[in-house]
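To keep things clear, I will list the structure first and then write my remarks on it.
Each value in this text was obtained by applying a stated rule to the coordinates, not by laboratory testing. From a predicted model like this one, the values you see are computed outputs, not experimental measurements. When we count neighbours, we look across all protein chains shown, and the Cβ atoms used for this are built from the backbone with ideal geometry, even at glycine.
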Amino acid sequence: MTLALGFGTGAIMGRISRRQGLAALERAYAAGIRHFDTARSYGWGEAEGVVGEFLRGHAREEIRVVTKCGILPVRRSPLLSAAKSIARAALAVAPGLRQAARQVASADRFQPVHSVDPARLAESLGTSLAELGVSYVDLLLLHNFTAGMPGLGEVAAWFTDLKRQGTVRRFGYSVEGRLTEGLEFLDSNGLLAEAVVQAPVSDELLALPVRWRDVPFIVHAPFDYLRRKSGLEFDDLLHRLDASLRCETVVCSMFDATHLAANVAAWKSLGVRAARA
């Protein structure tokens with residue numbers, strides 16, 4: 001079995017507290033997960049610190065750490081901390097308030113800033129390394145890349161320098177828009193050869209032309225896709241991903257212990273299926 005199951009940390013220090021996040025990270029590690037996906041912007045800039053606390057208890061070489069740059073969180077403030085704490089407490093006693101919590105989170109004062117300026121990206125990565133407590137990351141992604149965005153050549157050159165220095169082992173692009181359009185743009189600008197592409201699961205992804213079959217992918221949001229596909233189960237989706245493209249990892253948010261166990265069982269069944277084939 002070559003396809004890995006990864007743990008997504010986007011909810012940590014948002015709807016998931018530090019204590020809950022650390023417990024979930026440890027459960028995932030105990031279940032055999034070694035790929036952990038985070039970003040400078042997650043948890044309004046605080047998720048990486050929780051992942052770093054988790055990493056201190058484990059051998060660095062055993063774990064694949066993925067983070068992202070390009071979306072900068074708002075500065076931490078007492079107002080932001082209070083808003084997050086109140087929202088978590090409200091959701092704990094009244095899950096129906098989730099939409100109200102999202103409206104608060106979408107307020108202008110809490111919105112991140114997008115930037116592809118290499119100086120700001122370098123500052124962002126420096127903060128990420130410090131928060132994670134590591135000297136390198138296994139994969140650095142440009143967060144929410146879109147085809148035609150200006151300044152991408154400078155970003156790619158910076159990525160290449162980071163890899164040469166050993167600060168990142170690999171680099172790539174998180175594509176949230178039209179996938180084929182993004183791949184075409186990266187390829188036409190000579191930026192796809194060494195890159196890893198991260199994208200949400202979609203019909204477009206599963207039907208990629210043969211020319212893109214050698215691109216290494218990390219995919220996420222599988223359950224958002226499954227909710228739109230009646231009758232398709234997670235283990236079947238894993239099999240399709242493994243057979244349809246060069247999918248290295250499927251990243252899920254698995255903060256519930258039951259959900260984690262079910263996902264790990266489906267993931268392990270992929271290896272059993274492959275052995276029988």
Candidate aspartates and glutamates - alpha carbon under 13 Å from residue 229, same-chain residues fewer than 8 apart omitted: 203
Size of electric dipole in segment 141-250: Cβ of Lys, Arg +1 and of Asp, Glu -1, about Cα centre, debye, nearest 20: 160
Cα pair distances of segment 178-277 binned at 5 Å [whole percent]: 2, 12, 23, 23, 18, 11, 7, 3, 1
Selected from 254, 152, 191, residue furthest toward positive end of dipole (segment 118-277; charges at beta carbon): 254
Per-pair calculated FRET efficiency, R0 = 30 Å: residue 228 and residue 180 via Cβ, rounded to 0.05: 0.95
Whole-Å distance, taken between Cα centres, linking segment 1-68 and segment 160-216: 23
Pairwise FRET efficiency - residue 188 versus residue 261, Cβ, R0 = 51 Å, nearest 0.05: 0.70
